[in-house]
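The values are calculated or read from the model by the stated rules, or taken from the named source; none is laboratory data. These numbers come from a predicted model, not from an experiment. Neighbour counts are summed over all protein chains in view; Cβ atoms, including those assigned to glycine, are modelled from backbone coordinates with ideal geometry. Note: areas computed on protein heavy atoms with side chains; ligands, DNA, RNA excluded. Shrake-Rupley method; radii C 1.70, N 1.55, O 1.52, S 1.80 Å.
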Amino acid sequence: CTSNNLTNLLAIGTYQLAPNGKDRDGSVILYDINRANENFSVKKIHTLSLPGVFDIKWRAVDDDKAILGAALADGSFRIFETFNDENDNGNVKLRPTDKSHSLDGMCLSLDWSEYSGNDGLLTVCSGSQGNVSLFQTREDASVEQLESWTPHTLEVWCAAFSKLYPRHVIFTGSDDCLFKAFDLRQGVARAAAVSRLHQAGVCTITSSPVSEVSDEKRDASQNGLGQSSTGSPYLVFTGSYDEKLRAWDLRHFAQPLSVSQEVRTGGGNWRVRCHPVDPNYLLVAGMYSGFFVVKYDHAGGTFDIVESYDAHGSIAYGADWWRGPRRSDCTDSPYEGSSVAATCSFYNNLFHLWSTDVVRMTATKEGMAHH
């Protein structure tokens with residue numbers, strides 16, 4: 001969870017095909033994670049039964065409250081909120097809100113904009129029919145669809161906001177092998193940039209984090225794609241079924257900075273997540289070849305595998321960094337758990353926590369895990 005006082009919470013989304021071969025059943029499972037030195041305690045807090053869950057994303061409301069968005073197999077985008085359950089000793093749990101909306105087909109992914117405006121929170125969702133929708137969630141519990149368009153011909157596996165331009169720029173990746181960028185100021189009828197270099201479906205998009213800056217200053221500096229600047233905030237990483245991890249510079253969108261021939265994942269890169277402290281370290285779910293920690297060298301434009309983890313024994317599917325609580329002292333990392341990966345595998349339903357020295361700290365079984 002991204003709220004400062006709730007970083008002990010970890011959510012997992014699950015799905016599996018029902019016996020009728022058509023429906024997908026799933027759940028969101030909430031865990032309480034605590035760490036003492038190199039020992040972890042993992043406690044299941046709460047389970048919500050849902051249609052199959054394809055994607056989940058936390059969004060901090062304040063230091064003590066968060067919401068969780070879920071992209072579901074029935075086509076809906078739903079929002080849940082944390083609360084203290086007075087009937088269970090005040091333990092933090094998740095409950096549904098009235099905030100939801102539906103897409104045509106299945107809802108495959110979602111992302112929250114980091115822009116915080118007076119009009120509400122922005123969310124982008126992608127669907128199984130080549131469709132993408134932009135929503136605005138207001139404090140009065142209403143969800144308004146601002147845009148809906150069909151930029152692809154096949155499943156849109158991923159849609160994500162730019163962290164540098166969180167109010168205006170959206171990326172999409174599809175099974176049609178296209179990677180696109182849309183500038184909302186120019187409308188969505190035509191993409192601001194299109195890449196056809198992926199040789200198979202685009203599975204995941206991760207925009208490199210930027211240092212904290214006010215929305216006013218960020219807006220004042222935004223002149224669209226292709227403007228000159230320096231530094232990693234312009235980096236965007238993509239993973240694909242073509243087994244290649246790519247880094248893109250928003251100033252030169254037509255060509256990737258680097259295509260790594262060494263990160264061969266056998267079935268493609270299903271998830272890529274930037275480290276919460278050093279975004280040049282990437283956690284990669286490589287499907288049939290396990291999980292990797294990959295370092296990106298910005299100066300040299302190269303990738304290097306610095307850790308690998310293959311203890312799951314099944315498809316490496318879900319992956320994210322566990323931040324843990326904030327440290328009281330000033331050390332290399334502001335979070336106690338930021339060297340810890342949370343990973344999930346598909347067919348054998350495993351969830352693991354492991355440190356980046358490839359020491360597995362704990363494991364548990366649940367339904368078809370997808371973090």
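Annotations for the structure displayed:
- Summed side-chain charge close to C125 - residues other than C125 whose Cβ falls under 14 Å, Lys, Arg +1, Asp, Glu -1: -3
- Amide H contacts of V61 (H built 1.01 Å from N, in plane; Pro and chain starts excluded): A66, I67 sit under 5 Å, all sequence-distant by 5 or more or on other chains.
- Computed E for N348/D304 - FRET, C-beta separation, R0 41 angstrom, nearest 0.05: 0.90
- Karplus 3J(HN,Hα) series, Hz, for the range 232-244 with 6.51 cos²θ - 1.76 cosθ + 1.60 (x for Gly, Pro): 5, x, 8, 7, 10, 10, 10, x, 9, 5, 7, 6, 10
- Kirkwood hydrodynamic radius (C-alpha pairs) into Stokes-Einstein, the range 1-144, 37 °C and 0.692 mPa s, D in µm²/s: 206
- Formal net charge of residues neighbouring Q255 (Cβ-Cβ distance under 12 Å; K, R +1; D, E -1): +2
- Counting only protein heavy atoms and a 1.4 Å probe, the range 99-169 has 39 square angstrom of accessible area per residue.
- Surface calculation, 1.4 Å probe, protein heavy atoms: L282 sits at approximately 0 Å² accessible.
- Looking at the range 108-208, the trypsin sites (Lys or Arg not before Pro) that sit in a DSSP loop and have at most 16 other Cβ atoms within 10 Å of their own Cβ are R138, R190, R196.
- Charge tally in the Cβ shell below 15 Å around D55, where Lys, Arg are +1 and Asp, Glu are -1, D55 excluded: +2
- Of the whole protein surface, H168 contributes about 30 Å² of accessible area at a 1.4 Å probe radius.
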